[in-house]
(Lines give C-alpha, C1' and ligand atoms only; values in the text may rest on other atoms or scores of the structure.)
Protein backbone atom coordinates (compact mmCIF):
# COMPACT_ATOMS: atom_id res chain seq x y z
CA UNK A 1 0.00 0.00 0.00
CA UNK A 2 1.40 3.40 -0.93
CA UNK A 3 1.55 5.94 1.88
CA UNK A 4 1.38 9.70 1.44
CA UNK A 5 4.95 10.39 2.57
CA UNK A 6 6.37 8.17 -0.15
CA UNK A 7 5.40 10.67 -2.85
CA UNK A 8 8.08 13.09 -1.67
CA UNK A 9 10.87 10.64 -2.37
CA UNK A 10 11.95 10.82 1.29
CA UNK A 11 12.02 8.11 3.92
CA UNK A 12 9.11 7.49 6.25
CA UNK A 13 8.93 10.10 8.98
CA UNK A 14 9.53 8.95 12.54
CA UNK A 15 6.68 7.87 14.77
CA UNK A 16 5.08 5.25 12.56
CA UNK A 17 3.80 5.19 9.04
CA UNK A 18 1.60 7.91 7.61
CA UNK A 19 -1.10 5.36 6.83
CA UNK A 20 -1.13 4.11 10.41
CA UNK A 21 -1.31 7.61 11.87
CA UNK A 22 -4.09 8.52 9.46
CA UNK A 23 -6.43 6.43 11.65
CA UNK A 24 -5.68 8.70 14.63
CA UNK A 25 -4.66 12.11 13.22
CA UNK A 26 -3.16 14.73 15.53
CA UNK A 27 -5.36 17.71 16.20
CA UNK A 28 -3.08 20.51 15.08
CA UNK A 29 -3.45 23.95 13.64
CA UNK A 30 -6.41 25.92 12.27
CA UNK A 31 -8.82 24.63 9.66
CA UNK A 32 -9.26 26.41 6.35
CA UNK A 33 -12.97 27.18 5.86
CA UNK A 34 -12.93 26.07 2.22
CA UNK A 35 -12.10 22.53 3.28
CA UNK A 36 -14.67 22.04 6.05
CA UNK A 37 -14.15 20.86 9.60
CA UNK A 38 -12.16 17.94 10.95
CA UNK A 39 -13.89 14.60 10.61
CA UNK A 40 -13.61 11.37 12.53
CA UNK A 41 -12.39 8.17 10.81
CA UNK A 42 -15.43 6.11 9.94
CA UNK A 43 -17.86 8.99 9.99
CA UNK A 44 -18.64 12.40 11.43
CA UNK A 45 -17.38 15.80 10.39
CA UNK A 46 -18.08 17.54 7.12
CA UNK A 47 -16.33 17.04 3.84
CA UNK A 48 -14.94 20.26 2.42
CA UNK A 49 -16.24 21.96 -0.69
CA UNK A 50 -14.39 21.66 -3.97
CA UNK A 51 -13.50 18.01 -3.29
CA UNK A 52 -15.00 14.75 -4.49
CA UNK A 53 -13.75 13.07 -1.32
CA UNK A 54 -16.21 10.94 0.58
CA UNK A 55 -16.39 9.42 4.03
CA UNK A 56 -15.55 5.74 3.89
CA UNK A 57 -17.87 3.92 6.28
CA UNK A 58 -16.67 0.41 5.42
CA UNK A 59 -13.99 -1.35 3.37
CA UNK A 60 -10.76 -0.01 1.89
CA UNK A 61 -8.04 1.97 3.62
CA UNK A 62 -9.10 5.31 5.00
CA UNK A 63 -6.79 8.16 4.18
CA UNK A 64 -7.24 11.80 5.15
CA UNK A 65 -6.94 14.20 2.25
CA UNK A 66 -5.28 16.66 4.57
CA UNK A 67 -2.90 13.92 5.62
CA UNK A 68 -2.07 13.07 2.01
CA UNK A 69 -0.65 16.56 1.44
CA UNK A 70 0.51 16.97 5.02
CA UNK A 71 2.59 13.80 4.98
CA UNK A 72 4.03 14.73 1.60
CA UNK A 73 5.23 17.95 3.20
CA UNK A 74 6.51 16.12 6.26
CA UNK A 75 8.62 13.84 4.06
CA UNK A 76 9.91 16.89 2.18
CA UNK A 77 10.81 18.53 5.49
CA UNK A 78 12.94 15.56 6.54
CA UNK A 79 14.66 15.62 3.15
CA UNK A 80 15.38 19.38 3.35
CA UNK A 81 16.66 19.10 6.92
CA UNK A 82 19.10 16.31 6.02
CA UNK A 83 20.32 18.02 2.85
CA UNK A 84 20.88 21.32 4.69
CA UNK A 85 22.94 19.64 7.41
CA UNK A 86 25.18 17.98 4.84
CA UNK A 87 25.53 21.23 2.88
CA UNK A 88 26.58 23.11 6.03
CA UNK A 89 29.22 20.46 6.72
CA UNK A 90 30.56 20.74 3.17
CA UNK A 91 30.86 24.52 3.56
CA UNK A 92 33.76 24.15 5.98
CA UNK A 93 36.08 23.62 3.00
CA UNK A 94 37.13 26.19 0.41
CA UNK A 95 34.23 25.35 -1.89
CA UNK A 96 30.83 23.85 -1.20
CA UNK A 97 30.38 20.34 -2.52
CA UNK A 98 28.21 20.83 -5.64
CA UNK A 99 26.40 17.54 -5.04
CA UNK A 100 25.37 18.43 -1.49
CA UNK A 101 24.14 21.92 -2.32
CA UNK A 102 22.33 20.35 -5.29
CA UNK A 103 20.49 18.00 -2.92
CA UNK A 104 19.23 20.93 -0.87
CA UNK A 105 18.22 22.89 -3.96
CA UNK A 106 16.41 19.88 -5.43
CA UNK A 107 14.62 19.17 -2.12
CA UNK A 108 13.21 22.69 -2.05
CA UNK A 109 12.30 22.63 -5.73
CA UNK A 110 10.62 19.24 -5.63
CA UNK A 111 8.11 20.21 -2.96
CA UNK A 112 7.37 23.50 -4.76
CA UNK A 113 6.58 21.69 -7.99
CA UNK A 114 4.43 19.07 -6.31
CA UNK A 115 2.41 21.73 -4.48
CA UNK A 116 1.98 23.65 -7.74
CA UNK A 117 0.73 20.53 -9.51
CA UNK A 118 -1.74 19.66 -6.76
CA UNK A 119 -3.10 23.18 -6.43
CA UNK A 120 -3.62 23.33 -10.21
CA UNK A 121 -6.33 20.68 -9.85
CA UNK A 122 -7.44 21.66 -6.34
CA UNK A 123 -7.32 25.49 -6.00
CA UNK A 124 -8.57 25.45 -2.39
CA UNK A 125 -5.12 24.24 -1.33
CA UNK A 126 -3.95 27.84 -1.81
CA UNK A 127 -0.23 27.10 -2.17
CA UNK A 128 0.93 30.28 -3.90
CA UNK A 129 2.23 31.95 -0.74
CA UNK A 130 4.23 28.95 0.49
CA UNK A 131 5.64 28.34 -3.00
CA UNK A 132 6.77 31.96 -3.28
CA UNK A 133 8.58 31.79 0.06
CA UNK A 134 10.31 28.55 -0.91
CA UNK A 135 11.40 30.11 -4.21
CA UNK A 136 12.95 33.05 -2.34
CA UNK A 137 14.81 30.69 -0.01
CA UNK A 138 16.06 28.62 -2.97
CA UNK A 139 17.38 31.55 -5.02
CA UNK A 140 21.00 31.70 -3.76
CA UNK A 141 21.37 27.94 -4.19
CA UNK A 142 20.31 28.19 -7.83
CA UNK A 143 22.80 30.99 -8.42
CA UNK A 144 25.57 28.88 -6.90
CA UNK A 145 24.68 25.97 -9.16
CA UNK A 146 24.97 28.23 -12.21
CA UNK A 147 28.39 29.48 -11.07
CA UNK A 148 29.60 25.95 -10.40
CA UNK A 149 28.50 24.87 -13.87
CA UNK A 150 30.22 27.90 -15.38
CA UNK A 151 33.54 26.99 -13.75
CA UNK A 152 33.25 23.33 -14.74
CA UNK A 153 32.34 24.04 -18.38
CA UNK A 154 35.07 26.66 -18.79
CA UNK A 155 37.64 24.28 -17.29
CA UNK A 156 36.60 21.49 -19.66
CA UNK A 157 36.53 23.82 -22.66
CA UNK A 158 40.04 25.08 -21.93
CA UNK A 159 41.54 21.64 -21.40
CA UNK A 160 45.32 21.86 -21.04
CA UNK A 161 45.15 25.57 -21.92
CA UNK A 162 43.78 26.32 -18.43
CA UNK A 163 47.29 26.01 -16.97
CA UNK A 164 48.89 28.87 -18.89
CA UNK A 165 48.43 32.34 -20.35
CA UNK A 166 44.97 33.56 -21.28
CA UNK A 167 43.38 30.22 -20.43
CA UNK A 168 44.62 30.43 -16.86
CA UNK A 169 43.31 33.98 -16.55
CA UNK A 170 39.88 33.05 -17.94
CA UNK A 171 39.54 30.16 -15.50
CA UNK A 172 40.55 32.50 -12.67
CA UNK A 173 37.59 34.76 -13.55
CA UNK A 174 35.24 31.76 -13.61
CA UNK A 175 36.45 30.70 -10.16
CA UNK A 176 35.86 34.21 -8.92
CA UNK A 177 32.23 33.96 -10.07
CA UNK A 178 31.81 30.73 -8.15
CA UNK A 179 33.30 32.16 -4.95
CA UNK A 180 31.08 35.21 -5.28
CA UNK A 181 28.01 32.94 -5.52
CA UNK A 182 29.10 30.97 -2.45
CA UNK A 183 28.83 33.98 -0.15
CA UNK A 184 25.02 34.33 -0.14
CA UNK A 185 24.71 30.55 0.23
CA UNK A 186 26.98 30.63 3.28
CA UNK A 187 24.95 33.52 4.70
CA UNK A 188 21.71 31.67 4.00
CA UNK A 189 22.92 28.51 5.71
CA UNK A 190 24.34 30.44 8.66
CA UNK A 191 21.06 32.34 9.00
CA UNK A 192 19.10 29.08 9.02
CA UNK A 193 17.55 29.10 5.55
CA UNK A 194 16.58 25.48 5.96
CA UNK A 195 14.92 26.24 9.31
CA UNK A 196 12.95 29.02 7.62
CA UNK A 197 11.88 26.62 4.88
CA UNK A 198 10.83 24.04 7.45
CA UNK A 199 8.85 26.67 9.35
CA UNK A 200 7.08 27.76 6.15
CA UNK A 201 6.17 24.17 5.35
CA UNK A 202 5.13 23.38 8.90
CA UNK A 203 2.89 26.44 9.19
CA UNK A 204 1.17 25.54 5.95
CA UNK A 205 0.95 21.85 6.85
CA UNK A 206 -0.69 22.60 10.21
CA UNK A 207 -3.37 24.62 8.46
CA UNK A 208 -4.52 21.63 6.43
CA UNK A 209 -7.77 20.12 7.73
CA UNK A 210 -8.71 16.49 8.15
CA UNK A 211 -10.87 14.75 5.59
CA UNK A 212 -11.38 11.08 5.07
CA UNK A 213 -10.42 9.57 1.73
CA UNK A 214 -10.24 6.10 0.39
CA UNK A 215 -6.68 5.31 -0.68
CA UNK A 216 -8.00 5.01 -4.23
CA UNK A 217 -9.21 8.61 -4.07
CA UNK A 218 -5.63 9.85 -3.83
CA UNK A 219 -4.69 8.28 -7.15
CA UNK A 220 -7.07 10.34 -9.36
CA UNK A 221 -5.90 13.56 -7.72
CA UNK A 222 -2.24 12.71 -8.37
CA UNK A 223 -3.01 11.61 -11.93
CA UNK A 224 -4.93 14.80 -12.66
CA UNK A 225 -2.10 16.89 -11.21
CA UNK A 226 0.49 15.12 -13.37
CA UNK A 227 -1.70 15.39 -16.48
CA UNK A 228 -2.15 19.14 -15.96
CA UNK A 229 1.61 19.56 -15.55
CA UNK A 230 2.26 17.58 -18.73
CA UNK A 231 -0.21 19.77 -20.66
CA UNK A 232 1.85 22.82 -19.69
CA UNK A 233 4.93 21.02 -20.98
CA UNK A 234 3.19 20.14 -24.26
CA UNK A 235 2.28 23.79 -24.81
CA UNK A 236 5.91 24.81 -24.22
CA UNK A 237 7.06 22.15 -26.72
CA UNK A 238 4.60 23.47 -29.30
CA UNK A 239 5.96 27.01 -28.88
CA UNK A 240 9.55 25.77 -29.18
CA UNK A 241 8.71 23.91 -32.40
CA UNK A 242 6.94 26.90 -33.90
CA UNK A 243 9.65 29.47 -33.16
CA UNK A 244 12.88 27.80 -32.00
CA UNK A 245 15.15 29.97 -29.89
CA UNK A 246 17.39 29.65 -26.87
CA UNK A 247 14.73 31.39 -24.79
CA UNK A 248 11.98 29.02 -25.91
CA UNK A 249 14.19 25.99 -25.23
CA UNK A 250 14.96 27.31 -21.76
CA UNK A 251 11.22 27.69 -21.09
CA UNK A 252 10.72 24.15 -22.34
CA UNK A 253 13.45 22.91 -20.03
CA UNK A 254 11.79 24.50 -17.01
CA UNK A 255 8.47 22.81 -17.83
CA UNK A 256 10.22 19.47 -18.49
CA UNK A 257 11.98 19.69 -15.13
CA UNK A 258 8.73 20.54 -13.37
CA UNK A 259 6.96 17.59 -14.99
CA UNK A 260 9.86 15.29 -14.17
CA UNK A 261 9.75 16.14 -10.47
CA UNK A 262 5.99 15.73 -10.32
CA UNK A 263 6.15 12.38 -12.14
CA UNK A 264 8.88 11.11 -9.82
CA UNK A 265 6.96 12.30 -6.78
CA UNK A 266 3.80 10.43 -7.77
CA UNK A 267 5.40 7.40 -9.43
CA UNK A 268 5.02 5.08 -6.44
CA UNK A 269 1.33 5.90 -6.22
CA UNK A 270 0.62 5.82 -9.98
CA UNK A 271 2.74 2.87 -11.01
CA UNK A 272 5.66 1.82 -13.24
CA UNK A 273 4.43 3.57 -16.38
CA UNK A 274 4.80 6.89 -14.60
CA UNK A 275 8.33 5.86 -13.58
CA UNK A 276 9.11 5.36 -17.28
CA UNK A 277 7.61 8.77 -18.05
CA UNK A 278 9.81 10.35 -15.37
CA UNK A 279 12.91 8.82 -16.99
CA UNK A 280 11.94 10.12 -20.44
CA UNK A 281 11.37 13.57 -18.99
CA UNK A 282 14.74 13.37 -17.24
CA UNK A 283 16.43 12.65 -20.57
CA UNK A 284 14.68 15.63 -22.15
CA UNK A 285 15.42 18.13 -19.39
CA UNK A 286 19.04 16.95 -19.06
CA UNK A 287 19.69 17.58 -22.75
CA UNK A 288 17.99 20.96 -22.60
CA UNK A 289 19.94 21.70 -19.42
CA UNK A 290 23.26 21.08 -21.15
CA UNK A 291 22.13 23.25 -24.07
CA UNK A 292 21.23 26.06 -21.67
CA UNK A 293 24.54 25.72 -19.81
CA UNK A 294 26.52 26.08 -23.05
CA UNK A 295 24.43 29.12 -24.03
CA UNK A 296 25.08 30.73 -20.64
CA UNK A 297 28.81 30.06 -20.76
CA UNK A 298 29.05 31.44 -24.30
CA UNK A 299 27.34 34.63 -23.16
CA UNK A 300 29.61 34.94 -20.13
CA UNK A 301 32.72 34.52 -22.31
CA UNK A 302 31.55 37.21 -24.71
CA UNK A 303 30.97 39.61 -21.84
CA UNK A 304 34.36 38.77 -20.40
CA UNK A 305 35.98 39.49 -23.76
CA UNK A 306 34.34 42.91 -23.88
CA UNK A 307 35.35 43.76 -20.32
CA UNK A 308 38.92 42.36 -20.54
CA UNK A 309 40.33 43.41 -23.87
CA UNK A 310 43.44 41.29 -23.44
CA UNK A 311 41.25 38.17 -23.26
CA UNK A 312 38.97 39.08 -26.16
CA UNK A 313 40.49 36.75 -28.73
CA UNK A 314 40.68 33.65 -26.54
CA UNK A 315 37.29 34.28 -24.92
CA UNK A 316 35.67 34.86 -28.32
CA UNK A 317 37.04 31.59 -29.65
CA UNK A 318 35.78 29.69 -26.62
CA UNK A 319 32.39 31.37 -26.92
CA UNK A 320 32.02 30.16 -30.50
CA UNK A 321 32.92 26.63 -29.41
CA UNK A 322 30.28 26.75 -26.68
CA UNK A 323 27.66 28.03 -29.13
CA UNK A 324 28.39 25.07 -31.42
CA UNK A 325 27.98 22.68 -28.50
CA UNK A 326 24.67 24.35 -27.60
CA UNK A 327 23.41 23.95 -31.15
CA UNK A 328 24.38 20.26 -31.15
CA UNK A 329 22.39 19.62 -27.96
CA UNK A 330 19.44 21.62 -29.32
CA UNK A 331 19.12 19.28 -32.30
CA UNK A 332 18.35 16.34 -30.00
CA UNK A 333 15.34 17.63 -28.12
CA UNK A 334 12.61 16.81 -30.68
CA UNK A 335 13.31 13.08 -30.64
CA UNK A 336 13.44 13.10 -26.84
CA UNK A 337 10.14 14.96 -26.73
CA UNK A 338 8.53 12.32 -28.95
CA UNK A 339 9.68 9.62 -26.55
CA UNK A 340 8.22 11.58 -23.62
CA UNK A 341 4.92 12.02 -25.46
CA UNK A 342 4.66 8.27 -26.09
CA UNK A 343 5.42 7.52 -22.44
CA UNK A 344 2.78 10.04 -21.34
CA UNK A 345 0.17 8.48 -23.63
CA UNK A 346 0.73 5.14 -21.88
CA UNK A 347 0.98 6.58 -18.36
CA UNK A 348 -1.85 9.10 -18.39
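Evaluate the stretch 91-102: report whether one residue or more is under 19 Å from the mean Cα position of the chain (by Cα) and within 30 Å of residue 231 (Cα to Cα). Yes, the conditions are met somewhere in the stretch 91-102. Condition check: touching a helix residue (DSSP H, G or I) at 6+ places or on another chain (Cβ under 8 Å), buried (at least 19 other Cβ atoms within 10 Å of the Cβ) and free of Cβ contacts under 8 Å to residues at least 12 places away in the same chain. Does residue 267 satisfy that? So residue 267 passes the test.
The one condition from (1) in contact (Cβ under 8 Å) with a residue 24 or more places away in the chain; (2) part of a helix (DSSP H, G or I) that residue 244 does not meet is (2). Within the stretch 213-227, being modelled with pLDDT under 95 and in a helix (DSSP H, G or I) holds for 215, 216, 217, 218, 219, 220, 221, 222, 223, 224, 225.
The values are calculated or read from the model by the stated rules, or taken from the named source; none is laboratory data. Only a predicted model underlies this, so the values are computations on that prediction, with no experimental measurement involved. Positions of Cβ are backbone-derived with ideal geometry, glycine not excepted, and every protein chain shown enters the neighbour counts.
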